[in-house]
1. Applying the selection to region 522-552, what residues are touching a strand residue (DSSP E or B) at 6+ places or on another chain (Cβ under 6 Å) and of a type in the set (Gly, Ala, Ser)?
2. Can you spot a residue in region 768-783 that is acidic (Asp, Glu), surrounded by fewer than 18 Cβ atoms within 10 Å (Cβ to Cβ) and at pLDDT 90 or above?
3. Specify which of the listed residues (Asn354, Asn343) is in the same structural domain as Phe229 (by TED's automatic domain parsing) and within 30 Å of the chain's Cα centre (by Cα).
4. Would you please list the contacts, defined by Cβ atoms under 9 Å and residues six or more apart or on different chains, that run from a residue in region 87-109 that is of a type in the set (Lys, Arg) to a residue that is part of a strand (DSSP E or B)?
5. Which residues, counting only those in region 308-331, are at positive phi and either part of a strand (DSSP E or B) or surrounded by fewer than 17 Cβ atoms within 10 Å (Cβ to Cβ) (or both)?
6. So, in region 704-720, of the ones that are part of a loop (DSSP other than H, G, I, E, B) and surrounded by fewer than 17 Cβ atoms within 10 Å (Cβ to Cβ), which residue ends up modelled with the lowest pLDDT?
7. Can you name the residue in region 721-752 that is farther than 21 Å from Ala643 by Cβ and out of contact with any strand residue (DSSP E or B) (no Cβ under 8 Å at 6 or more places or on another chain) and, of all such residues, is surrounded by the most Cβ atoms within 10 Å (Cβ to Cβ)?
8. Would you check which residues across region 283-326 are within 34 Å of the chain's Cα centre (by Cα) and hydrophobic (A, V, I, L, M, F, W, C) and list them?
Amino acid sequence: MKKMINIYLVVVLFIFLLPSINALEFDNRIRDYDEETRTIIIDDNFGLGGDLVRIKLEDNTYVCGIDCSAIWNVTIYDDEDNFLGDLVFEQIEGIGGVGEHKFEFVSGYERITVNEYGVDCGRRDDSGRCARVITGTHEEQKPIWTSFNPERKLPVGEYIIRLSGKKQFHDTIDWIPTFYGKEVREWAFWASSPPTSYWKFNEANRATEAIDDLGLNNLTLLDLTLTGFVPGKLANAWNGSFGAGAPEVLNHSGSSQFAFGTDDFTIAYWVNGTVGGGYSFMRTDDTATTGWGISKLGPGNHSFGSNNAAVLDSALNVSNSSWNRIVWVREGTGSDEFKVYVNNRNTANTTFANDLSDASGNLTIRVPTAGFVGIDDLQFYNGFAWSVADVDFDWNSGVGREANITTPEITISLDTPADNTNIQVDLLNFSATATPITANLTNSSLIIYNGTTTIFNQSSLTMDSSSNSTNYSIFNLVRGTYLWNIQICGLANNASGSSICIAGVSNRTLTIASSPIDSSFPEFTYETAQETFQENVTLLPGDTVTSVDFIYNGTSNTATSTLISGNNFTLQSTIDIPTSAISENTTDFFFSLNLNTGQDNLSTHTHSVGVINLSLFGQGIGGLGYINFTFQNETTAQEKVNATFSSTWSYFLGSGAINKTFTFVNSSENAEYVFQFHPQNRTLFTDMTTDYSNGESQQRTFDPTLLTLTNTTLLQTLLLLPTSDGLFQQFVTQTLLGATVPDVSFVINRSIGGVSTEISSGATDGSGFASIFLNPDFTYTAIFTKILFSDNAFSFQPSSQLRTVVMGGATTAVTNGSTISVNTTFLINPTNTSLANGTDFVFSFNVTSSQPIDLISMNITNSSGFQVGFQSDTSATIISQTINTGENRTFVGTFIIATGNETLVVKKVWNIGIEFVGDYSIFRQFTLYTTYGFRDFIRFILVLSFIAGVLIFMTTGETFDTSESKIGVALLLIWAFSIVGWLTIPGPPVVSANEAITELARFSNQYGIAILSSGAGIFFIARRIFT
């Protein structure tokens, strides 16, 4: 019995432990490895348990700089074990290892639009190549990569997995994964690659060859009399312009080494020059179908071309008298995989699949006779595309670095002074330290240039291996900027005894001038914003400041200097940021000191400038409304209405010295107009004016003083007045002596609900005239203002008469109208202020004067400014013209009388409608009475009389209060009169920020009487029926 129990226990334990036994990896094995397809199959239980996983190495960056990757196609057949047990990176070359790595899988695909390109030979660049143009598009699928942890079980299925890692540029790494417990060593390396061709251009001046550091493709100078090797970016550079003559050419016979086919490639070089004409800079044969070339264009850009057509432009001026690193990279032939980098910035991409296999021509580098400083550190990589990290490694924070071809026999570091040192001394110590590896030191040389080519000092010292440092004391350093370097030489410590000379990696810059202490400026700002820039500086002994300029984005601005103590000063300038300065950390600025001893330009700084944008909500960038315009009638009901909108804006963030303009016009009628602004966290200042109107109302103008807007939306209600309810009040502004005062600003207000509300605003025209459409039933207040004049504020009730506004307090003399107005009379017809539409009228201007008149003219325009009539004469007489009023609403007449010294301008406005002021019909008089004279009270009396008459007519001896039919008829009549608005309660309505409350208030105004009457009527009818 006990034995049976033990057996049962063993069986139970086996059942519980069976999953753990299955999960063990010791019985897994690599069943098959296909070297040709690079596919591995791992199975279980020594081959008896079936396949676990199939892994195919689909892609691998066999040659890579910093960014490396491998892609696997993985099929999981059984998920009992972890997919990845371990990953080892073995260092083959170098010492850096792999700094970081990650795994990703394809979690889906997205569709992208890819441009298709052709050529347009009707357009050509400076080098004569055809322009590249977009001819169409097509869609492609792009995988979506999602990070995941592979050291876990993966569900059964198929996967595309990518391993990405970062190594040192010159390292070679063997990556070894362990899948399902099995180490896989059969796959690949991540190897470094030296350039396939490399020219440092470090030869001595007047050398006839540029040596390829790989010893393969030396470049020969075709004109042996003009070559020049000068200080460059890293050491020396070739400038090809020593002396005068034809353009210089460096040449390599045959170009098979530079025929890239359809492979990846990288071309990198430093270049320095000035903007000039275009020319072919470097090429095999860019006119051939499978050749290539790089041209320098007139604006200073570099352009890559093939088959006599442009392919990709650097998009930046690289001929700006500075050293620029240009890198062309083809990382495949797909969408946007041909890239160009300028100074570590990817400036442009395109699709470029051309086969560049042409090797029939020579590789040539050609420069003009002037305007070219040099080319330095030219590298070719055939079959290797630099990644973004590789470009950054080569850029080396703008210092640059030479390619690592061989281990140098001597290394050198420049010690003092540091690069870009700015000091105020005339005695300075220069030093360098050398580390001899396979050489014995012999001598060193210090060269100081006070420009790019002029030698200021050249000194030599003897050295030996007992001391690896060298020091120079240089006197009499005067104000200026210097380039310097130290070269140390030695003899090989082997049987060859060959010599070697190594200079510092790059020339250092030294400035003897005023020295900056610290600075303060915004790292990011926006166009039109007002910003303050400040820098503290120490002057050279004996220097005094005469003036200071602040150079921002190439433009000089005023600046101030304030003495702190001793020779220390604070320089400051406050400016509005120009709209031309928009950039990403490339807008430059510096202070320029004008001193008694010369001029000092301090260090150049850069920052970023963003764009500002004002737009209609939903049409531009932004998202938060800054101002919301709505419209309502100025009438008693003040109902909301729609309107057209024509506006111009001048907006800015700073003082307004720099501003942007925006015009918005909408000819259809809308209920509101909301305007948004970017950036959404800044206060906006704007000087704007808008004209608005609708089909029932006359046009009005809103021209406020400077508006200050934020992302808390300003609600601005603009008032309109129906044409039938108003008239044009005309104003003219004059001095006390009757002289015209033009361009006077005005604001018209009216009290609505006890609140002073702006009705219209604007300015008088050049003749001092303004016309505003107002309601004659209401009293308005007006204020007219202009600099040098006293304000004129008054209350008035509109009429059709011209109102003269006297502007007092001016100190200027009377100039306009002083003589003409005394000696001249005139008569304007028609004398009415309103005209019927669709009718012919004779418009005339009759002038009599006792003095010579040079010109009289009559110009008749409609409300849109369109000229409908014009007459003129050169003497005092009568001029006239018959004009049909048509469907116009307004005619404006401008009448001019001019002498040799003076001009008098008179304006008159005629309102045009179905009936005119001289119409005395019963209909017209009733309309005027109900429109203006007690109309609300009279309408109420008429309603009561009508209802009473109907009820009397229906009464035939019955008791009124017991007749539900009469009550029903009365209610129906009350609702009918309410619907047409004859029982609307007069007075200003309630206006609330809550739209529902506002609408409820308007509903109760119109239907309040009907609702109360209906309540009482239903009560009496119910009492009659149920009692």
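1. Ser547 - this is the single residue of region 522-552 that is touching a strand residue (DSSP E or B) at 6+ places or on another chain (Cβ under 6 Å) and of a type in the set (Gly, Ala, Ser).
2. no
3. After applying the criteria, what remains is Asn343.
4. Lys102/Ser147; Lys102/Arg162; Lys102/Leu163; Lys102/Ser164; Lys102/Gly165
5. So the first thing to find is which residues in region 308-331 are at positive phi, and the list is 308, 315, 321.
Scanning region 308-331 gives Ala315, Ser321.
6. Thr705
7. Within region 721-752, the match that is surrounded by the most Cβ atoms within 10 Å (Cβ to Cβ) is Ala739.
8. Ile294, Leu297, Phe304, Ala309, Ala310, Val311, Leu312, Ala315, Leu316, Val318, Trp323, Ile326, listed by residue number.
The values are calculated or read from the model by the stated rules, or taken from the named source; none is laboratory data. As the structure is a computational prediction, the values presented were derived from the model and not from experiment. Please note: Cβ atoms are built from the backbone with ideal geometry, for glycine as well, and neighbour counts cover all protein chains shown.
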